[in-house]
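What follows is calculated from the coordinates using simple rules that are stated; it is not laboratory data. This structure is a prediction, so every number in the text was calculated from the model and none was measured. All Cβ positions, glycine included, derive from the backbone under ideal geometry; neighbour counts span all protein chains shown.
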Amino acid sequence: MVKIGILGCMGRMGQAIEAAVKKVPELSLMIGSERADHPLVGKTSPVSGLPITDQTGVVFDAADIVIDFTAPGNTAVHARMAADKQTKLLVGTTGMSYDDEAALNNAAKSVAVMQAGNYSVGVNVLLSLVHETAARLDADWDAEVLEMHHRNKVDAPSGTALMLGEAVADGRGQSLSVLRAPMRDGVSGARKTGSIGFAALRGGNVVGEHSVVFASDSETITLSHRAENRMLFADGAVRAAHWLAKQEKGRYSMRDVLGL
């Protein structure tokens, strides 16, 4: 039995992960954490009966794998704790800093660590298809990444949109920082050949829609994914945690889980 701990267990993703873990007989929920002022600290989760603490270290002590979908800025601390406690770590946080990435890489020297900007199986297959398509088309095919999310999402483009842009750039043998076009507003000028553009839409309760459009003078290819509900992210993360339980130290991604 693989023992699972969840950081931020009463957040939207934390609760979804609780529900997803309960569906897998080989995984066992041990304990979750929340901020000290959360009303359920010292009590149990209404989703799963998971005990809730405000002591992050207690979660690492109790679990074989800790799942972290908390805010950027926590990742480096949690990575160092995973290395100290020799507890495997699965991170779903996006918008990480250089220090966060460095801490994850350092932790991976002694324990299995996974980080992904999106744990959807479909999105990760889409990333692979986008990379392959970009590698087969030359820069005369304009590349545009479109995404739409619910009205309360605060960052744009989304982390997944940026991952798709990186897949296009990598398929072309370059970095996104070189090819990325600025967001368009007003008189933005003609499109630069080989650049990668982004468009972000916000409204309603849209879970997540992403498309990559490759357009030439005579034809267009569109690769798309639409999330129907948020459980797909939790189910993917739990599938990844189940896989990570069998791995030795190192840094992993959903591409490793899916064999892409």
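In table form, for the structure just shown:
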read-out	value
Among 28-34, 138-144, 123-129, the order from most to least packed when residues are scored by Cβ within 10 Å on average	28-34, 123-129, 138-144
Cα-projected label distance for D170 with K3, points at 7 Å along beta-carbon direction, nm	3.5
When the convex hull of its Cα atoms is projected in every direction, mean area for the stretch 121-227 (nm²)	6.9
Within the chain, percent of DSSP bridges classed antiparallel, to nearest 5	35
Calculated diffusion of the stretch 1-62, Stokes-Einstein form, Kirkwood radius summed over Cα pairs, 20 °C and 1.002 mPa s, µm²/s	190
Chain lengthening between A199 and R12 when straightened (0.36 nm per residue, less Cα-Cα)	64.8 nm
Net dipole in debye of the stretch 121-227 [+1 Lys, Arg Cβ; -1 Asp, Glu Cβ; about Cα centre; nearest 20]	360
Inter-part distance where the stretch 157-214 and the stretch 1-57 are each reduced to a Cα centre, Å	35
Of G11, M254, A71, farthest towards positive along the dipole that unit charges on Lys, Arg, Asp, Glu beta carbons give the chain	G11
Neighbour net charge for D235 - beta-carbon separation under 13 angstrom, K R +1, D E -1	+2
Length-normalised contact order for the chain - Cα pairs under 8 Å, 6+ apart - percent	20
Calculated diffusion of the stretch 35-177, Stokes-Einstein form, Kirkwood radius summed over Cα pairs, 20 °C and 1.002 mPa s, µm²/s	123
Nearest-20 debye value, the chain charge dipole, Cβ charges on Lys, Arg, Asp, Glu	480
Helix-derived mean residue ellipticity, 222 nm - over the chain, DSSP H n ≥ 4, -39500 (n - 2.57), to 500	-10500 deg cm²/dmol
Percent of beta bridges antiparallel (DSSP, the stretch 192-248, rounded to nearest 5)	100
Linear extension gain, V77 paired with E219, 0.36 nm per residue minus alpha-carbon span	46.3 nm
